[in-house]
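Colleague: This is the structure I have questions about; it appears just below.
The values are calculated or read from the model by the stated rules, or taken from the named source; none is laboratory data. Being a predicted model, the structure only gives us computed values, none of them experimental. FYI the Cβ positions are ideal-geometry reconstructions off the backbone, even for glycines, and counts take in every protein chain you see.
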Amino acid sequence: MSDLHQKIVAMDLWPLALPVVARRDHGIGSVEGTCEVIVLRLRAEGGQEGFGEASPWSVFTGSPEASHAALDRYLRPLVVGRRLSDRAAIMADAGRAVAHCTEAKAALDTALLDLAGRVCNAPVWALLGGKCRDTIPLSCSIANPEFEQDIALMHRLRADGVGLIKLKTGFRDHAFDVMRLERIAAEFPEFRVRVDYNQGLSIEEAPARVRDVAAFGPDFIEQPVAAHHFDMMARLRDETTVPLLADESVFGPEDMTRAARDGICDGVSVKIMKAGGLTRAQSVARIAAANGLSAYGGDMFEAGLAHLAGAHMIAATPEITLGCEFYQATYFLKEDILETPFPVRDGQVIVPDGPGLGLRPDIARLNHFSQSDPVAA
Ligand code: MG
């Protein structure tokens with residue numbers, strides 16, 4: 001019997017509230033105090049363990065309560081007792097068992113891959129088709145309503161060798177956005193700048209404001225208007241000289257197909273938390289590329305465990321060419337959950353080569369930040 005024929009015998013969950021260093025404002029809402037994620041652990045008959053993380057945001061993908069319930073009540077019966085070799089079947093069943101809850105499905109897919117990789121002594125990127133890159137350029141988001149605190153962050157990013165920043169816009173007035181773009185251009189000319197509205201503009205104000213921001217020449221402008229405004233996204237794409245990225249408009253491969261057909265974007269932010277898994281995220285990027293569109297490695301308010309899953313996915317997906325934004329473990333959380341720091345060096349995420357995800361969460365820290373009873377190590 002091959003090792004992958006082992007059965008999965010246990011699933012544990014930690015609903016975490018992780019303290020953050022500063023407030024962050026996006027076009028659709030704010031995060032302050034803590035961000036909430038769910039960590040999942042699967043155990044195989046032989047004692048090996050695999051971990052995954054669901055990183056929801058109530059105003060974007062869904063609530064932590066829904067992620068927890070999806071895993072605990074609806075997905076648990078599909079997983080415990082199944083064989084490790086059945087990942088594709090388990091994920092297909094998960095897609096039918098509970099609607100939406102894409103973050104919970106991403107956590108499950110991650111844990112199945114981490115566990116299979118540890119059992120086979122292979123990194124997750126190998127299970128996803130092999131590696132096309134060893135490092136991924138890191139972008140950090142600039143989203144603090146107190147811009148002077150972001151100025152201090154940008155000095156730190158520059159010293160750390162980070163070359164990409166994403167300015168979060170549309171949460172206050174247009175003058176605030178223009179002022180910040182002017183100061184960044186004057187004081188930090190070495191940064192390549194991206195702009196993300198997170199749906200923050202109305203259809204009335206979007207054309208003129210996007211035109212103003214495009215004059216600064218950012219690499220791209222992301223999701224200026226509400227997710228469902230496909231017609232306005234298509235109009236902005238036609239009118240704007242800078243590439244337009246879709247984020248909230250595109251969750252999974254089904255949305256990507258429609259977005260490409262309707263011509264709403266030049267590229268897409270690919271996230272495992274939106275797609276509902278690593279393989280489905282790869283599909284989003286491949287549909288984009290097949291339609292001549294670019295792809296970016298986006299994320300949610302995540303801890304290092306979800307960053308690892310995204311890094312392995314991007315390492316195995318040559319179509320994602322615009323870097324990643326896995327900055328939260330390093331620059332946003334007061335303390336991450338991994339045993340050893342999420343690997344970032346000289347502004348690049350280093351893709352791990354060890355078995356599974358390559359790094360593990362610290363169980364004592366999971367119990368410390370858990371909002372429910374401790375779980376045995
Ligand atoms: Mg975005």
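Colleague: Mind counting the residues in segment 1-37 that are of a type in the set (Gly, Ala, Ser) and within 16 Å of the ligand (Cβ to nearest atom)?
Modeller: Matching residues across segment 1-37 total 3.
Here is a yes/no grid of residues against (1) among the acidic types (Asp, Glu); (2) in a helix (DSSP H, G or I); (3) more than 16 Å from residue 137 (Cβ to Cβ); (4) within 19 Å of the chain's Cα centre (by Cα):
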| position | (1), (2), (3), (4) |
| --- | --- |
| 336 | yes, no, yes, yes |
| 340 | no, no, yes, no |
| 354 | no, no, yes, no |
| 358 | no, no, yes, yes |
| 364 | no, yes, yes, no |
| 368 | no, yes, yes, no |
| 375 | no, no, yes, no |
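Colleague: Further, regarding this structure: Which helices (runs of 4 or more DSSP H) does segment 45-159 wholly contain that include 1 or more residues that are buried (at least 24 other Cβ atoms within 10 Å of the Cβ) and free of Cβ contacts under 8 Å to residues at least 60 places away in the same chain?
Modeller: 64-69
Colleague: I'm told residue 218 meets every condition in (1) within 15 Å of the ligand (Cβ to nearest atom); (2) under 20 Å from residue 259 (Cα atoms) except one. Can you identify the failing condition by its number?
Modeller: Among (1) within 15 Å of the ligand (Cβ to nearest atom); (2) under 20 Å from residue 259 (Cα atoms), residue 218 violates only (2).
Colleague: Looking for whichever is over 29 Å from residue 347 (Cα atoms) and within 16 Å of the ligand (Cβ to nearest atom) here; the options are 210, 242, 225, 250. Which one fits?
Modeller: 225
Colleague: Out of curiosity, is residue 281 within 16 Å of the ligand (Cβ to nearest atom) and modelled with pLDDT of 95 or more?
Modeller: yes
Colleague: Select from segment 160-201 the residues that are surrounded by fewer than 16 Cβ atoms within 10 Å (Cβ to Cβ) and either within 16 Å of the ligand (Cβ to nearest atom) or within 16 Å of residue 221 (Cβ to Cβ) (or both) and list them in ascending order.
Modeller: Residues satisfying the conditions are 174, 185, 192.
Colleague: Suppose the filter is in a helix (DSSP H, G or I) and touching a helix residue (DSSP H, G or I) at 6+ places or on another chain (Cβ under 7 Å); does residue 300 pass it?
Modeller: No: the conditions fail for residue 300.
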